[in-house]
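Engineer: Would you mind keeping the following structure in view while I ask a few things?
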Amino acid sequence: MQQQSRSTPSSVRTPAVFNMKAFSIRPVHLFRWCLIFFAFCAFIFWYVHRWNLAKQLSPLQTKLATKASMETKGTDFYLDGKKLRILSGSMHYFRVVPEYWEDRLLKMKAGGLNTVTTYVPWNAHEPSRGTYHFKANLDIVEFLNVAKRVGLHVILRPGPYICAEWEFGGLPSWLLAEDEMEVRTMYPTFIDAMGKYFDELIPKVVPLQYGNGGPIIAVQVENEYGSFGKDKNYMKQVKEALTSRGIVEMLVSSENGRIPMENAYLKDVLMTANFQENADRHFDDLIRMQGADKPVMVMEFWTGWFDHWGEKHHIYSAEDFSRLVEAVLKRQASINFYMFHGGTNFGFMNGGNFQNGPRKAPVSANSNQLCFNSNRKPVWLISGTSLSRIPSQKCYAEQANCWWTDYDAPIAEDGDITDKFLKIKELLKEYVPEETKNIPVLPADIPKRAYADVEITHYMPLDTLLEVNGKPIINDEILPMEKLPINGNSGQGYGYLLYRTYTQKKPTQLKFEHPPHDRAQIFLNGQPEGVVQRRHDTSETVLELKGGKEGENSIEILVENQGRVNYGHDIKIERKGIIGDVFVNGIMQEKWEMFPLEFKKSLLEAASNSIKWYETPAHEKRPALYKGHLEITDGTPADTFLDMSEWTKGVIFVNGFNLGRYWNVGPQWTYYLPGPLLHTGKNEIIIFEQDQSAAALKFSDKPDLGTVVRVRNDEDIAPGL
């Protein structure tokens, strides 16, 4: 039989061999798969971000709020369907050590308040372009959470401009590196910088809005803009910058008088007033502006006033204070006491202001007291103390705010309650009993201690400090602070800048094209020749030199930034250092060495660890560092006050922390040192003294704010536009 061949059924396939050479993907398909991949990654990023955000919300809150929690009905505020009278006090978290936030807020609550109001300082949170700080006393999220735990609502005032008697009104100095910069306008570079800052700040506070389980019930748009400009497009831009990033709570603004109100008014932003006298007039202005069917509120009822160096300590009498508070409460108005607790201008962060020539009344020219004429003078607020006790730091010209020792506010800088606190509590219980039913027990005042004198054991001359600081910046042309190529090209923000140059002929005269900003100490061949300081446009530009010699001479100019103006139009010209050319014997001087002394942590650590300290008792004729140690062996460190009445002018550093400036022109003589800045054992205190030092550091358990003078502000505080 013949064998038949078998054929493979058509349903049975021979296994295919995968040929890599034959495999390919068309470009269009590759593009589509890439799009899908990136879309998937974006979804994962969005999901993780929302999950992290949700963790910050209350357990019952599953998604972000989309509308304001507080609303207005007629002349009242309503929250959760209940009428709310806002009884608020201002406290700035960045002016108080975090360890004391809860103490101060509990005292506010115990005083009958239901709300705390705070500014947010852009320049502290973004000290150089793109570098952000939100830790320690800048941890705004933690502060807001503490306020919630205590049971206080929050009105947030994020700027970008805040005034606040704070350096440059809270604006970062690096904005001024651009010659054409126009702050608080629609200038593109300013708007772009504001947007990037808000990209960092606003997502941190969005979850803490009231509708998301947080304490924030209202957010302020800009600050006192009507006293600066009248561009409604700019105000709308700031409003949009907030709302587009998730701010949904009630928007408010605050102004100092009728004309500023008109300049800054936006229909969907509730206008509030700032004043210290004539409540009825200011409230009537609000009603004329936005109608009688809106609540009226004073966003800044000034509980006192601040001082400037060389002035007396300003107080607002308790009698006048109580009378006006009563007038506000009788109008059924809401109120924010500015300040309720002032805190301290740590470091170099005091502001400055321009003031007119001689006045009949002793008025402190603060960021809210700026006037303009041909004889306007700059003045500085005191740099290290609080709006609760706030003397200011003054240069007699552009007034520098003092240490910020006392605003004559209800809670003193050191946390002690005052007679004003007790009067507020009494009035609120009488006029607003429904809001003051369940107030907590008042916490006890924190103990103070007068430590034994600390002997100054070592000093470091200025020349050695310059060596420790590092190599100078060398340039043919002289540069202001903001133009220095440091800090990621953000320039120098604060502190001192030493300029050094050489001349080959005997120098007899030094002339500045413009007055130094702000105070310049001149040294010829290492010896002091005099001080040139900023007063007004035509003074303090020439110094006759007496210590010159034939041949080479060195000229050094140590310029102190005493604080940038924080209010009014002059913030546009607030570059620091030497502005313009310098002439020696009538000839423009070229080739400069520039040593920026910012006294940041790195410099302080390098100086502290240096072996180039010399034993005292040498007292330099030039600026120098002086060092001593406070030994604490018996218990927890207590609050204290450094008595600097025997020193001249300079800055205090405690354990590497910049406590602030001192100056013997007064009014204040003591400087608050919170206990949390000390530790058990040896505490290092370094003083940068610009002139005559003392042999020891003395302490007190009580503040000495100097001679007092009464103040009343019964006019609109607004510069001409």
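The values are calculated or read from the model by the stated rules, or taken from the named source; none is laboratory data. Because the structure is a prediction, the values reported are computed rather than measured. Ideal geometry is used to build each Cβ from the backbone, glycine not excepted, and the neighbour counts take in all protein chains shown. Note: accessible area is taken over every heavy atom of the protein model, side chains too, but ligands, DNA and RNA are not part of it. Shrake-Rupley method; radii C 1.70, N 1.55, O 1.52, S 1.80 Å.
Engineer: List the number of the failed condition for Ser227; all other conditions in (1) open to solvent by 10 Å² or more (accessible area, probe 1.4 Å); (2) farther than 21 Å from Met91 by Cβ; (3) not aliphatic (A, V, I, L, M) hold.
Structural biologist: (1)
Engineer: Condition check: open to solvent by 40 Å² or more (accessible area, probe 1.4 Å), on the phi < 0 side of the Ramachandran plot, of a type in the set (A, V, I, L, M) and not in a strand (DSSP E or B). Does Ile571 satisfy that?
Structural biologist: Working: open to solvent by 40 Å² or more (accessible area, probe 1.4 Å): no; on the phi < 0 side of the Ramachandran plot: yes; of a type in the set (A, V, I, L, M): yes; not in a strand (DSSP E or B): yes.
No.
Engineer: Further, regarding this structure: Can we say Glu182 is open to solvent by 10 Å² or more (accessible area, probe 1.4 Å), within 12 Å of Ile571 (Cβ to Cβ) and among the charged types (D, E, K, R)? Give the derivation first.
Structural biologist: Working: open to solvent by 10 Å² or more (accessible area, probe 1.4 Å): yes; within 12 Å of Ile571 (Cβ to Cβ): yes; among the charged types (D, E, K, R): yes.
Here the answer is yes, as Glu182 does meet what is asked.
Engineer: Mind checking whether some residue in the stretch 73-93 is of a type in the set (S, T, N, Q), out of contact with any strand residue (DSSP E or B) (no Cβ under 8 Å at 6 or more places or on another chain) and part of a helix (DSSP H, G or I)?
Structural biologist: No, the conditions are met nowhere in the stretch 73-93.
Engineer: Moving on to the next point. Do we have Phe190 as more than 16 Å from Asn123 (Cβ to Cβ) and either of a type in the set (Ser, Thr, Tyr) or under 20 Å from the mean Cα position of the chain (by Cα) (or both) here? Even if it seems obvious, please write down each step before you answer.
Structural biologist: Working: more than 16 Å from Asn123 (Cβ to Cβ): no; either of a type in the set (Ser, Thr, Tyr) or under 20 Å from the mean Cα position of the chain (by Cα) (or both): yes.
So Phe190 fails the test.
Engineer: Next up: Of the residues in the stretch 286-317, how many are surrounded by fewer than 23 Cβ atoms within 10 Å (Cβ to Cβ) and over 29 Å from Trp663 (Cβ atoms)?
Structural biologist: Within the stretch 286-317, residues that are surrounded by fewer than 23 Cβ atoms within 10 Å (Cβ to Cβ) and over 29 Å from Trp663 (Cβ atoms) number 9.
Residue by residue, here is whether (1) within 19 Å of Lys649 (Cα to Cα); (2) in the same structural domain as Glu178 (by the TED database); (3) not in a loop (DSSP other than H, G, I, E, B) holds:
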{"position": "Gly491", "(1), (2), (3)": "no, no, no"}
{"position": "Tyr494", "(1), (2), (3)": "yes, no, no"}
{"position": "Leu497", "(1), (2), (3)": "yes, no, yes"}
{"position": "Pro507", "(1), (2), (3)": "no, no, no"}
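Engineer: Name the residue, out of Lys601, Lys576, Lys591, that is open to solvent by 60 Å² or more (accessible area, probe 1.4 Å), in contact (Cβ under 8 Å) with a residue 40 or more places away in the chain and closer than 27 Å to Asn658 by Cα.
Structural biologist: Numbers: Lys576 fails: open to solvent by 60 Å² or more (accessible area, probe 1.4 Å); Lys591 fails: closer than 27 Å to Asn658 by Cα.
It is Lys601.
Engineer: Residues of the stretch 184-202 being under 17 Å from Phe134 (Cβ atoms) and out of contact with any helix residue (DSSP H, G or I) (no Cβ under 8 Å at 6 or more places or on another chain), which ones?
Structural biologist: Step one: list which residues in the stretch 184-202 are under 17 Å from Phe134 (Cβ atoms), which gives 196-202.
Lys196, Asp199, listed by residue number.
Engineer: Something else: Of these, Thr707, Thr648, which one is open to solvent by 10 Å² or more (accessible area, probe 1.4 Å), in contact with an Asp or Glu (Cβ under 8 Å, 6 or more places away or on another chain) and polar (S, T, N, Q)?
Structural biologist: Details: Thr707 fails: in contact with an Asp or Glu (Cβ under 8 Å, 6 or more places away or on another chain).
The match here is Thr648.
Engineer: Restricting the search to the stretch 590-618, which residues are within 23 Å of Gly495 (Cβ to Cβ) and assigned to a loop (DSSP other than H, G, I, E, B)?
Structural biologist: Glu598, Phe599, Lys600, Ser610, Lys612, Trp613
Engineer: Let me ask something else. Does the stretch 410-445 hold any residues that are out of contact with any helix residue (DSSP H, G or I) (no Cβ under 7 Å at 6 or more places or on another chain), of a type outside the set (Asp, Glu) and outside any helix (DSSP H, G or I), and which are they?
Structural biologist: Ala412, Thr418, Lys437, Asn438, Ala444
Engineer: Hey, another quick one. Residue by residue through the stretch 252-266, note down the ones that are out of contact with any helix residue (DSSP H, G or I) (no Cβ under 8 Å at 6 or more places or on another chain) and either surrounded by fewer than 23 Cβ atoms within 10 Å (Cβ to Cβ) or modelled with pLDDT under 95 (or both). If you could, list the steps in order and put the result at the bottom.
Structural biologist: As a first pass, look at the stretch 252-266 and keep what is out of contact with any helix residue (DSSP H, G or I) (no Cβ under 8 Å at 6 or more places or on another chain): 252, 254.
The answer is Val252, and nothing else.
Engineer: Mind listing just one residue for me: the one in the stretch 424-469 that is under 31 Å from the mean Cα position of the chain (by Cα) and free of Cβ contacts under 8 Å to residues at least 40 places away in the same chain and, of those, surrounded by the most Cβ atoms within 10 Å (Cβ to Cβ)?
Structural biologist: Here the answer is Asp445.
Engineer: How many residues does the stretch 138-150 contain that are without any contact (Cβ under 8 Å) to a residue 60 or more places away in the chain and not aliphatic (A, V, I, L, M)?
Structural biologist: So the answer is 4.
Engineer: Please specify each residue of the stretch 238-251 satisfying the condition of being on the phi < 0 side of the Ramachandran plot and surrounded by fewer than 18 Cβ atoms within 10 Å (Cβ to Cβ). Show your work before the answer.
Structural biologist: Our first condition is that a residue be on the phi < 0 side of the Ramachandran plot; within the stretch 238-251, this holds for 238-245, 247-251.
Once the filter is applied, which keeps residues that are on the phi < 0 side of the Ramachandran plot and surrounded by fewer than 18 Cβ atoms within 10 Å (Cβ to Cβ), the stretch 238-251 yields Glu240, Thr243, Ser244, Arg245.
Engineer: Can you pull out every residue in the stretch 510-554 that is touching a residue at least 40 places away in the same chain (Cβ under 8 Å), open to solvent by 60 Å² or more (accessible area, probe 1.4 Å) and over 30 Å from the mean Cα position of the chain (by Cα)?
Structural biologist: Those that are touching a residue at least 40 places away in the same chain (Cβ under 8 Å), open to solvent by 60 Å² or more (accessible area, probe 1.4 Å) and over 30 Å from the mean Cα position of the chain (by Cα): Lys511, Glu513, Gln527, Pro528, Lys549, Glu550, Glu552.
Engineer: Still on this structure, please answer the following. When the residues of the stretch 124-152 are filtered to those that are of a type in the set (Lys, Arg) and part of a loop (DSSP other than H, G, I, E, B), which remaining residue is most open to solvent (accessible area, probe 1.4 Å)? So that I can check it myself, show each step before the final result.
Structural biologist: So in the stretch 124-152, the residues of a type in the set (Lys, Arg) come out as 129, 135, 148-149.
So of that shortlist, the ones also part of a loop (DSSP other than H, G, I, E, B) come out as 129, 135.
Numbers: Arg129: 130, Lys135: 160 Å².
Once the filter is applied, the top-ranked residue is Lys135.
Engineer: Does at least one position in the stretch 625-636 carry a residue that is touching a helix residue (DSSP H, G or I) at 6+ places or on another chain (Cβ under 9 Å), in contact (Cβ under 8 Å) with a residue 24 or more places away in the chain, in the same structural domain as Gln692 (by the TED database) and not in a strand (DSSP E or B)?
Structural biologist: Initially, the stretch 625-636 is screened for residues touching a helix residue (DSSP H, G or I) at 6+ places or on another chain (Cβ under 9 Å), giving 625, 627, 636.
Next cut, in contact (Cβ under 8 Å) with a residue 24 or more places away in the chain only: 625, 627, 636.
So of that shortlist, the ones also in the same structural domain as Gln692 (by the TED database) come out as 625, 627, 636.
Next, from what is left, pick out any that are not in a strand (DSSP E or B): 636.
Scanning the stretch 625-636, I find at least one residue that is touching a helix residue (DSSP H, G or I) at 6+ places or on another chain (Cβ under 9 Å), in contact (Cβ under 8 Å) with a residue 24 or more places away in the chain, in the same structural domain as Gln692 (by the TED database) and not in a strand (DSSP E or B), so the answer is yes.
Engineer: Test Ile478 against the stated conditions and say whether it is among the hydrophobic types (A, V, I, L, M, F, W, C), assigned by the TED database to the domain that holds Glu593, outside any strand (DSSP E or B) and buried (at least 18 other Cβ atoms within 10 Å of the Cβ).
Structural biologist: In short, yes.
Engineer: Out of (1) in contact with a Pro (Cβ under 7 Å, 6 or more places away or on another chain); (2) of a type outside the set (A, V, I, L, M); (3) exposed (fewer than 14 other Cβ atoms within 10 Å of the Cβ), what's the single condition that is false for Gly586?
Structural biologist: (1)
Engineer: Tell me the strands (runs of 3 or more DSSP E) entirely within the stretch 300-355 that contain at least 1 residues that are closer than 17 Å to Ile417 by Cα, modelled with pLDDT under 95 and touching a strand residue (DSSP E or B) at 6+ places or on another chain (Cβ under 9 Å).
Structural biologist: On the way: elements: 313-315, 334-338, 352-355.
Passing ranges, in order: 313-315.
Engineer: Would you tally the residues in the stretch 655-683 being of a type in the set (D, E, K, R) and either within 26 Å of the chain's Cα centre (by Cα) or crowded, with 21+ Cβ neighbours inside 10 Å (or both)? It would help to see each step written out before you state the result.
Structural biologist: Within the stretch 655-683, the subset of a type in the set (D, E, K, R) is 661, 682.
Checking the rest, the ones that are also either within 26 Å of the chain's Cα centre (by Cα) or crowded, with 21+ Cβ neighbours inside 10 Å (or both) come to 661.
Number of matching residues: 1.
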